[in-house]
Structure formats: C-alpha cells, structure tokens
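Down below is the structure, laid out as structure tokens.
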Amino acid sequence: MNAKTLTSRRNLFLLGGVLLAALIPLALGKNQYAMVLVTTVLLYAVLATAWNIIGGMAGQLDLAAAAYLGLGAFTTGTLLMRWNITPWLGMIVGGITAAGLAFLIGFPLFGFKIKELWYALSSSALVEVMRVLFLMWDQVGGPTEQYLPAGLSAWYSLRFNNYVPYYYIMLVILIAVLILTTRIRYSKLGYSLLALGEDEDAVEVLGVNSQAAKLKALMIYAFISGVVGGVYACLYGYLHPSFFSTSMSMEVAILGIVGGMGITYGPALAAIVMVSFREFLRANLGGGMEGLYLVVYAVILIVVALYQPRGIAPLLERGIKYIKTYFGELRHGRPADAESR
Amino acid sequence: MDAQPMLKVDNLTKKFNDLVAVSDVTFEVRPGEIVGLIGPNGAGKTTLFNAITGLYKPEAGRVTYKGVNITGLLPHKICKLGMSRTFQVTRAFAHMTVEDTVRVGAYNRCGEKNVQAKVDQVLGLVEMEDIRGRVCSDLGLASLRKVELARALATEPDMLLLDEAGAGLNATELGAFMALIQKLNRDYHITFCVVEHVMQMVMGLCHRIVVLESGEVIATGTPNEISANQRVIEAYLGKRAVRC
C-alpha cells in the first residue's frame, strides 16, 4: 500500500469537504432557520471532536462539556459587557478559564483514578454545580438573561444580524480542532491516551504518567469547549445559566460514542448525521407529536450500540473500502490485494 | 559480577487488611542475572512483583534499584529508571495494533523523530514484523505474551520482570520464548526476574531461584540446589510425599 498517495487522496477528499462546507451559506444564506441549523451542527461537531480526546482516546466518559462551554460563554460575555473587551480575545480567555477549571477537577479525579460510571457521575455533577453557582452569582449570572451589547462594530463585539459569519467562524474552529485532534492522535499523547483507555496499570509500567496525560487531554478539551462557548454566547446574544446544560453535555458524549471512539473524524461525522436528523425530526414531528423525535433518536442509539458498537466511522470506512474493491474489480478483473491488511 | 546488586529487596511486607501477602521478603538480583521467583499458588509472587514495580505500596521494607530507593515510587517513574514488566494475565491493548502497542512503550525514551526506528528495531528483535498491523484482540496467547514483552522492551529497560510469561504456551512456543529471553540476556545485557510455574522454563533459564511460600522466602539457590532442597519439595508436594 502506498501511504503517500493514500494520504494525498484523503487530503483531496478533505479539501472537497471543506469547500463544500464553505459553499453551504451561499445556498442557504437567506434561510435563517437553515443557517441556525447548520451552525448548530458545526457547534456540536466541534464539541464532539474535542470530547473525543478525553472520551474516545482516554476512555473517560466525560459528561461535562456544557460546564466548560458555559464557563467560556460567561467569561466572554462578562468581559464584553463589563469592560468592552472583544469576544475575539474573550473566547481565548474563556478557553483558558475552562482549562483552569478542568485542571482543578481533573487533578484529584485522575490522581485517584476515578473512572467509568464514577467519573461520568462526577463530571455530570460539575455541570449542575456550575448552573446553580451562576444562578446564584448575581454579579455575573443570575436567573434573568443578560443581553450582550451590540457595541460599535459587529466585528468587534461579534454581534451579527445574520448567521453566516457565525457559521464560518465555527467552520474555521472545526477545521482547526480536527487538525489538532489528528495531530494528537498520532503523537505520544495520543498513543498514551488510547492505551490508557484500555489498561491503565499496563500503560504506567511503560513509563506513561497517566494522571498528567489525562489532565492534558481534559484541559485541551475544556479549552476548545470554552472557546466555542465564547462564540455560543455571541451567537445567541445573551447569557443565561441554562447554558450549563446536562442534556447538551450528554449529547456531546453520545455523538462522540456514536461517531467512533478514538477515530478523529468520527464524532464530527456523527454530529453532521445525528444533529441534522434530530432537527429534521423535530421540525417534521414537532407539531402534533412533541418530543417524539427523542424516541427516534433513542432508537438509533440503541441500534448503533447493538450493531455498531465501535461507532459509525468504521462502517463508513468499510463502505469506502467495499466501493474501492468493487471498482478495483471492474478495472483489474480481481480484488485489489494491496488494500487487504 | 558487580558488587552492587541491580535490584535489592529488603524486608518487604505487603498486607491486604489482615492478610499478609508478602512478609519480610529479602532477596537480590545481580546485573546480568536471570532470577526465577517460584512458589505454590498464592505464595505472593505477583503481589511481590506489584510491590516492586510500584503498583502496590508496601507497608514495610525497602526496594532499591541500581542504588536508588524506589519504594512506593509511581510505576512510570520506576520505568523511567529502567525497569519494566509484563503481566500474569496478558493485558494487551485489545483494540490497538501490535505496532501501536509497541510504540506506547517506545515513547518512554524516544521523541517523535526516532520513535518509529525504535518500534521497527523491537519488532525485528522479537520477530513480529509480519503481524505488526494486526489488532491485539485477534492474536493468540503466544503472540500476546510476545507483544507484552516487546512493548516492555521498547522502553529500553535494564531489567525486566516477567510474570508467568510461559504459562499456557506449548512446547515449541515455550522453547522459542526461552531462546528469546536468553538472547536478550546475553546480547542485550538485560537482567531478568521471572515468576514462573513452568518448571522446564525455570530450570532451563534461571541462574538462581528464590522460592516463596505463604509470602515468605523459604529458599534461595541455583536450580540444582533448589530441586534438592527438602523444604521446597515439602512446600510443593506436602510433608507426606517426602516421607514416602
């Protein structure tokens, strides 16, 4: 197998995908509802891709995405409202704040090797703690929505009157995060995390500091979620403690799992398929049968868990391989041996 | 032989609540040696290994490796000092390929630039280049034991602790595995401490043997001395068997 042509072909596919994604607003730009939808898809794609680092690679079932997202949103929003600091800077500060929170949470949890159900519960509790905290904390939060000021220029305060700019910002973040996770996946950290997800003791005797590796993973994930939170606040135009949403955190984890744990593009793929599908169902079933879309969503989850526990990304890979072999047969009259491993 | 032992265990004690799994164990491994650790089931061999490699914190005693006190040190720090191990029940990374598994160990001493060379070297050494792309869950027991050895080797240890590496292997596999350990010992100067039930392997491989029973050392000596030792025979077969 020629690795170089394979990578270059893969890059070509990626470039095609990016171009396609970049063209979407041209087709939908006028339709506000459709633009919110595709922006939301990208938002979930970023969160799920970042979740993959801690959840898919390190195998820590994290349910705290919205804790970091919310903290990033509140940091960005508060900086803008109080001191008129641009969200471009605010979202970076938000990311750093979220990573700081991740350090405080992760240091003891990973030190005591909290895993699986217990880690899931602890991280889920974090979201609720943050929500209540910001509900009570009148100086920055409180129970009423705080609307972000429009400011002098739309670009400075990141407040646009249509969704197209947000879409592009999110697309750029998604591409950056995909590149970052791919880098991590094929680095010392990535291999260590993948192995840690399988057997912690066995990895430690190979010289890997499990606490440090997981802490790094959690902080990177929290940073990305915090940055996304900054954009999220501007996109919705207000701050509210409901940003610390347990169901959103859950959905991010679900997308990561359905997409394929540890496969870098899997969660983004799952976000594109599942979130679009969810919104489609909500729009079409919403009228008479409120909430029915959740039932359909749940059924899909169960089917994936039963028949495709490694996620939908391997399914896609197998499909592509099948098509390749099929066309290979047409061209050469026999299956391409080089592709089989 | 060097004056300083490679590994020195002094009066090591490990308890689980009231159960004393390892009691006041003292022994040493000199550089270049292959030392066997034998004893009946439940004698505390694996617990002793875990206490040496940092997976358990011992209640009392001292472990010294190359002159450094490593008692209670975290496993990854002990590995950095040059000691790694394998596990009794193979704990391969089920969803990872052989190559990636070895790579995890190789990062111990290598950066991104030379890690691939290290992986290739180790895979060549254990003759697993042909199955480097296979996922560990697809491998048989003999290959899994070799993967565990390979990933530990990739950390560039001076000393390896093998926990029942021969268990469950057939005669051919066992012979190949023993030859590999001898090669690593002779050509790469790796010191070994092996927990083993397979007597063929213990007798054929080890320079010295330490016998544990109920957490205590009951004998130390060369394979010939040990196989003639009354207490060892009693421990394994019971007193009556000796009298008959």
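Brief remarks on what is shown
Listed here are the residues, each with its yes/no results for (1) in contact with a helix residue (DSSP H, G or I) (Cβ under 9 Å, 6 or more places away or on another chain); (2) surrounded by fewer than 15 Cβ atoms within 10 Å (Cβ to Cβ).
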position: B:MET6; (1), (2): no, no
position: B:VAL9; (1), (2): yes, no
position: B:LYS15; (1), (2): no, no
position: B:GLU28; (1), (2): no, no
position: B:PRO31; (1), (2): no, no
position: B:GLY42; (1), (2): no, yes
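- Condition check for B:ARG231 on (1) surrounded by fewer than 15 Cβ atoms within 10 Å (Cβ to Cβ); (2) out of contact with any strand residue (DSSP E or B) (no Cβ under 6 Å at 6 or more places or on another chain); (3) at pLDDT below 85: one failure, at (2).
- Among the residues listed as A:GLY226, A:GLY237, the single one being of a type in the set (Gly, Ala, Ser) and within 19 Å of A:LEU178 (Cα to Cα): A:GLY226
- Residue in the stretch B:6-22 that is within 14 Å of chain A (Cβ to nearest Cβ), under 18 Å from the mean Cα position of the chain (by Cα) and of a type in the set (Lys, Arg) present: no
- Within the stretch A:297-329, the set of residues being closer than 23 Å to A:ALA45 by Cα, surrounded by 13 or more Cβ atoms within 10 Å (Cβ to Cβ) and of a type outside the set (Asp, Glu) comprises A:TYR297, A:ILE300, A:LEU301, A:VAL304, A:GLN308, A:ARG310, A:GLY311, A:ILE312, A:ALA313, A:PRO314, A:LEU315, A:LEU316.
- Evaluation of B:LEU149 against (1) assigned to a loop (DSSP other than H, G, I, E, B); (2) more than 10 Å from chain A (Cβ to nearest Cβ); (3) among the aliphatic types (A, V, I, L, M) (one fails), failing number: (1)
For every residue, the table says whether it meets (1) under 19 Å from A:ALA195 (Cα atoms); (2) within 13 Å of chain A (Cβ to nearest Cβ); (3) of a type in the set (Lys, Arg); (4) buried (at least 24 other Cβ atoms within 10 Å of the Cβ).
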residue	(1), (2), (3), (4)
B:LEU48	no, no, no, yes
B:LYS57	no, no, yes, no
B:LYS66	no, no, yes, no
B:ASN69	no, no, no, no
B:GLY72	no, no, no, no
B:HIS76	yes, yes, no, no
B:CYS79	yes, yes, no, yes
B:THR90	yes, yes, no, no
B:PHE93	yes, yes, no, yes
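- Among the candidates A:SER210, A:SER192, the residue that is within 11 Å of chain B (Cβ to nearest Cβ), polar (S, T, N, Q) and under 17 Å from A:ALA102 (Cα atoms) is uniquely A:SER210.
- Breaking point among (1) within 12 Å of chain A (Cβ to nearest Cβ); (2) closer than 23 Å to B:GLN182 by Cα; (3) part of a loop (DSSP other than H, G, I, E, B), for B:GLU127: (1)
- Scanning the stretch B:139-190 for residues that are in contact (Cβ under 8 Å) with a residue 60 or more places away in the chain, of a type in the set (D, E, K, R) and either more than 19 Å from B:HIS95 (Cα to Cα) or in contact with a helix residue (DSSP H, G or I) (Cβ under 6 Å, 6 or more places away or on another chain) (or both) returns B:GLU156, B:ASP158, B:ASP163, B:GLU164.
- Some residue of the stretch A:223-234 being surrounded by fewer than 24 Cβ atoms within 10 Å (Cβ to Cβ), away from chain B (no Cβ under 14 Å) and either of a type in the set (Ser, Thr, Tyr) or on the phi > 0 side of the Ramachandran plot (or both): no
- Checked against the criterion of being among the hydrophobic types (A, V, I, L, M, F, W, C) and without any contact (Cβ under 8 Å) to a residue 40 or more places away in the chain, the candidates A:ALA125, A:ALA217, A:ALA213 yield just one match: A:ALA125.
Each row is one residue, and each column tells you yes or no for (1) farther than 30 Å from B:ASP18 by Cβ; (2) within 13 Å of the chain's Cα centre (by Cα).
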residue: B:ASP158; (1), (2): yes, yes
residue: B:VAL195; (1), (2): no, yes
residue: B:CYS206; (1), (2): yes, yes
residue: B:SER214; (1), (2): no, no
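- Residue ranges of helices (runs of 4 or more DSSP H) in the stretch A:127-206 with at least 2 members among the charged types (D, E, K, R): A:164-185, A:200-204
- Of the residues making up the stretch A:195-207, those that are at the interface with chain B (Cβ under 7 Å from one of its Cβ atoms) and on the phi < 0 side of the Ramachandran plot are A:ALA195, A:GLU198, A:ASP199, A:ASP201, A:ALA202, A:VAL203, A:GLU204, A:VAL205, A:LEU206.
- Failed item, numbered, when A:GLY55 is tested on (1) surrounded by 14 or more Cβ atoms within 10 Å (Cβ to Cβ); (2) under 22 Å from A:PRO165 (Cβ atoms); (3) of a type in the set (Gly, Ala, Ser): (2)
- Residues satisfying the stated conditions in the stretch B:101-113, i.e. surrounded by fewer than 22 Cβ atoms within 10 Å (Cβ to Cβ) and facing chain A (nearest Cβ under 7 Å): B:GLU112
The values are calculated or read from the model by the stated rules, or taken from the named source; none is laboratory data. Since we're looking at a predicted model, the values are computed, not measured. Using ideal geometry, Cβ is built from the backbone for each residue, glycine included, and neighbour counts are taken over all protein chains shown.
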